[in-house]
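Participant: Before we start, here is the structure in question, set down as structure tokens.
Just so it is clear, none of the values below were taken in a lab; they were calculated from the coordinates. This one's a predicted model, so the numbers in the text were calculated from it and none came from an experiment. Glycine also receives a Cβ, built like all others from the backbone with ideal geometry; neighbour counts cover every protein chain displayed.
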Amino acid sequence: MAIEVRIPTILRSYTGGAKSVEGSGSTLGELIADLDGRYDGLGERLVDDSGLRRFINVYLNDEDVRFIGGLSAPVTDGDTVTVLPAVAGGAALP
Amino acid sequence: MLTISTELRAKILAHALADHPDEACGVIAGPVGSDRPERFIPMLNAERSPTFYRFDSLEQLRVWRQMDDRDEEPVVIYHSHTATEAYPSRTDVSYASEPGAHYVLVSTRVADRPEFRSFRIVDGAVTEEDVVVPPE
């Protein structure tokens, strides 16, 4: 099973510079665990104790996974998962 | 050093003034590796807040994919502060996720005297840089 995962610039240090890696799993959570097994430390940048990190956007094909079940979103062969750190900031704390 | 045209600088300032008192935000894309800001892309501030901004997640995906298709990257990421100085806050630094970008800060705290400054934010360190506007 191959699911393409597109990695943003700031996380490429975990993947040896690769912009795109492949993983497997039947849910997004399993996919991330699979990747973390091979790219040590990547999982922690995406997930914390309460689930997907708040200021990391993860998309399954064209959808934001927050709206389709988060870590329990089903994934399947041929899907593309894209990770983009949120662009955010401002004068005060969020 | 950020080199930016009069026109693009004016567009950023106009956006910031138009959205005041909410923070305005956006990107200027340019060819990968060129360090040339060329294409102005104002973004919705999904927080619509006077003290915080966040790109709408689906709009960000669309814009990032479009830049990828066009062999572009975000050369400038800009946003405005509406009551404080045009300097990256701790929040700005902690969320800065494009180490290659020039982070432009505008302050609209004084209506007829907006401030426009540019910074690099890499690994949590802020460095101010000169803004060069070549004569047309």
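Participant: Taking chain A as the region of interest, what is the percent of Cα-Cα pairs per 5 angstrom bin, listed from the shortest bin to the one with the maximum distance?
Facilitator: 3, 14, 26, 28, 18, 7, 3, 1, 0
Participant: If I model a spin label as a point 7 Å beyond the Cα along the Cα-Cβ vector, how far apart are those points for A:GLU30 and A:ALA18 in nm?
Facilitator: So the two model labels end up 2.0 nm from each other.
Participant: Order by neighbour count: A:SER24, B:SER57, B:SER80, A:SER50, fewest other Cβ atoms within 10 Å first, most last.
Facilitator: Final ranking by Cβ density, sparse to dense: A:SER50, A:SER24, B:SER57, B:SER80.
Participant: When the helices in the protein assembly as shown are scored as -39500 (n - 2.57) per DSSP H run of 4 or longer and the sum is shared across all residues, what 222 nm value do you end up with, to the nearest 500 deg cm²/dmol?
Facilitator: Calculated mean residue ellipticity at 222 nm is -6000 deg cm²/dmol.
Participant: Once each part is reduced to its C-alpha centroid, what is the distance from region A:63-79 to region B:14-72 in angstrom?
Facilitator: Going from one Cα centre to the other spans 26 Å.
Participant: Could you tell me which of rounded, prolate or oblate describes region B:2-104, using a ≥ b ≥ c as the square roots of the eigenvalues of the alpha-carbon gyration tensor, with rounded for a/c under 1.5 and, failing that, prolate when a/b is larger than b/c and oblate otherwise?
Facilitator: prolate
Participant: Which loop-located GluC sites (Glu not before Pro) does region B:64-131 contain, where loop means any DSSP state but H, G, I, E or B and the Cβ has at most 15 other Cβ atoms within 10 Å?
Facilitator: Hits after loop and neighbour filter: B:GLU85.
Participant: Does anyone have the angle between helix A:28-38 and the longest principal axis of chain A? Alpha-carbon axes, 0 to 90°, nearest 10?
Facilitator: Tilt relative to chain A: about 80 degrees.
Participant: Ok, one more. Figure the gain on full extension for B:LEU17 and B:VAL131 (residue separation times 0.36 nm, minus the Cα-Cα span) and round it to one decimal in nm.
Facilitator: 39.1 nm
Participant: Also, quick follow-up: Determine, for A:VAL81, B:VAL75, the number of other Cβ atoms within 10 Å of each Cβ, and report the residues in order from fewest to most.
Facilitator: If I rank by nearby Cβ atoms, fewest first, I get A:VAL81, B:VAL75.
Participant: On average, how many beta carbons from a partner chain sit within 10 Å of the beta carbon of a residue in A:81-87?
Facilitator: Per-residue shielding by partner chains comes out at 6.
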